[in-house]
Amino acid sequence: AMIEVLAKLGRGPVFLAGEVLECVITFTNPLSASSTSASSEMLAWASAQIHCQFHASENRVALPPSDGSKHDVQAENETVFVPNRAHCLHLSCYAACGLWKLQECSRCVAKHWDSYCETLPIDGPPSFRGQSVKYVYKLTVGCQRVNSPIKLLRVPFRVLVLHGLKDYEFPQDEAVAPSNPFLEEEEGLKKDSRLADLATELLMVATSRRSLHVYNISNTRGKVGTFCIFKTVYKIGEDVIGTFNFSEGDIPCLQVSAGFRVTVGRGRSFGSFGKRRPLGFLCELEACLHTAQSSFSLPIPLSSTPGFTTNIVSLKWRLHFEFVTSGESARTCLVRGNQPEAVTWTGVEQMEVDTFSWDLPIKVLPTNPILASYVSQFSSTNSITI
């Protein structure tokens, strides 16, 4: 005998802060293959909670001393499904108590719990899993079968934070708000849909502004070239495109590499790190000797964390470049063929080089949560057996 508990996030495992999370939780008493007749099981109680948990490495992050007047939202309540080693920054709870009789069946759903809906805190931190600090969101469903131990079903999900949504006030007149006359939506879901549409519009406005930015690249020996980029604000999933011009340089550039560098450091109010920790990835290498122009295109992964700042930690994005230049004039050997007009170029065997790097700060924003759900490591459906 058993009861299957299934939790399904209807829209996917990624949400914007301020959106409504909706989860359908289903309890089923399936008919086993060895059963000769239908039997029933009793579900004593069930409860659902949303947690935003904060984890910090005590060896790497110096947190302020605890204030006795401020208690963790977990408190010491045994009904809160949070491990003691985690700080719970947000907690919501919905409980359904009472004895539920689940009749065994093969196809139908014996008991269907109505959708659990909860608005995510709009001023909460985004999901982040770093080496020193972690912000983790999950929905925990606790339930108990009669005369059986308590079981927990954990449904992890990802939260993206877009600044500006908190201060936006929706119009009171529904007539001026965009709506679909062919769909009947509940008030909460309608506002939630408008919040996602507003976020998409704000992201489009912020990342569509273009203006030419030109930077001179030089070292102690002279000018290497110029770098051009049309914007410095992106959303995850976009491509960062830039071009190099070496035609006006005094120092030959042999090789250039471009990539992302994500640094994690101190937040707004407190917390300290021994040093800023760079997280580099997605590097593109280009040989550019005797090349007048070169370009690169780097995609920002949808699974990456946009830039953010909390009281504890600050995450910032940079474009990281490394240039390898010639320490002397770019000598080449010319070997002429049989015919006068034929010329063969060969490279020198040894050459003195200089290497230097440059970081360009960029701003990385979140994207539409539906788009980010396609590459999420989390599943929309989770289940356990009690």
Checklist outcome for this item: Result of the Cβ filter at 8 Å on the stretch 193-213, keeping first residues that are within 20 Å of I122 (Cβ to Cβ) and partners that are open to solvent by 20 Å² or more (accessible area, probe 1.4 Å) and among the β-branched types (V, I, T), at least 6 apart or interchain, is A196/I370; A206/V233
Checklist entry - What are the residue pairs meeting all of these: first residue in the stretch 309-327, first residue assigned by the TED database to the domain that holds E286 and among the small types (G, A, S), second residue open to solvent by less than 10 Å² (accessible area, probe 1.4 Å) and part of a strand (DSSP E or B), Cβ atoms under 6 Å, and 6 or more apart or on different chains? => result S314/G265
Checklist entry - Of all the residues that make up the stretch 346-375, how many are closer than 18 Å to L162 by Cα, touching a strand residue (DSSP E or B) at 6+ places or on another chain (Cβ under 6 Å) and crowded, with 17+ Cβ neighbours inside 10 Å? => result 8
Checklist outcome for this item: Taking the stretch 277-335 and keeping only residues that are modelled with pLDDT of 90 or more, polar (S, T, N, Q) and outside any strand (DSSP E or B), one is left with S303, S304, T305
Next on the checklist: Looking at the stretch 1-38 only, could you name the residues that are part of a loop (DSSP other than H, G, I, E, B) and at pLDDT below 80?
Outcome noted: A1, M2, N29, L31, S32, A33, S34, S35, T36, S37, A38
Item to check | Restricting the stretch 101-130 to residues that are small (G, A, S) and modelled with pLDDT of 55 or more, the residue that is farthest from the chain's Cα centre (by Cα) | outcome: S115
Next on the checklist: It is to be established whether one or more residues within the stretch 148-171 are at pLDDT below 90, surrounded by 12 or more Cβ atoms within 10 Å (Cβ to Cβ), hydroxyl-bearing (S, T, Y) and within 30 Å of L43 (Cβ to Cβ).
Outcome noted: yes
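The values are calculated or read from the model by the stated rules, or taken from the named source; none is laboratory data. Just so you know, these numbers come straight off a predicted model, no measurement behind them. Here Cβ is always computed from backbone atoms with ideal geometry, including for glycine, and neighbour counts include all displayed protein chains. Ligands, DNA and RNA are excluded from the accessible area calculation, which covers all protein heavy atoms including side chains. Shrake-Rupley method; radii C 1.70, N 1.55, O 1.52, S 1.80 Å.
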